[in-house]
Amino acid sequence: MPGIKASEARRTKEARFKCDSCGQTFTTNHNLKNHINVHFGVKEHSCGSCKRDFTTQSVLARHMKTCKVANAAS
Ligand SMILES: [Zn+2]
Ligand SMILES: [Zn+2]
């Protein structure tokens, strides 16, 4: 059954990276690593303006748009 094989392959390609802690799956290793930081509480992305720490680059980027300190400085 080639049809079944194709769908199997596509599914594993879509979510190859699985979090051992909660079972969430991710399409890229990069996304999985970002997610794992949430479990460990690792916050290695700091806002240069208010010095708050964030777990992922995307969370920091979102913060930067609303950071009162950064907006006040400009
Ligand atoms: Zn997880
Ligand atoms: Zn900030």
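The lone criterion from (1) in a loop (DSSP other than H, G, I, E, B); (2) modelled with pLDDT under 85 left unmet by SER49 is number (2).
Take HIS63 and decide whether it is surrounded by 15 or more Cβ atoms within 10 Å (Cβ to Cβ) and modelled with pLDDT of 90 or more. Break it down into steps so the answer makes sense when it comes.
Details: surrounded by 15 or more Cβ atoms within 10 Å (Cβ to Cβ): yes; modelled with pLDDT of 90 or more: yes.
The answer is yes for HIS63.
If you go through segment 14-57, how many residues are touching a residue at least 24 places away in the same chain (Cβ under 8 Å) and within 16 Å of ligand 1 (Cβ to nearest atom)? Walk me through it before giving the result.
Pass one, segment 14-57, residues touching a residue at least 24 places away in the same chain (Cβ under 8 Å): 34, 49.
Filter again for within 16 Å of ligand 1 (Cβ to nearest atom), leaving 34.
Of the residues in that region, 1 qualify.
The values are calculated or read from the model by the stated rules, or taken from the named source; none is laboratory data. From a predicted model like this one, the values you see are computed outputs, not experimental measurements. Heads up, the Cβs are rebuilt from the backbone with ideal geometry, glycines too, and the neighbour counts pull from every protein chain shown.
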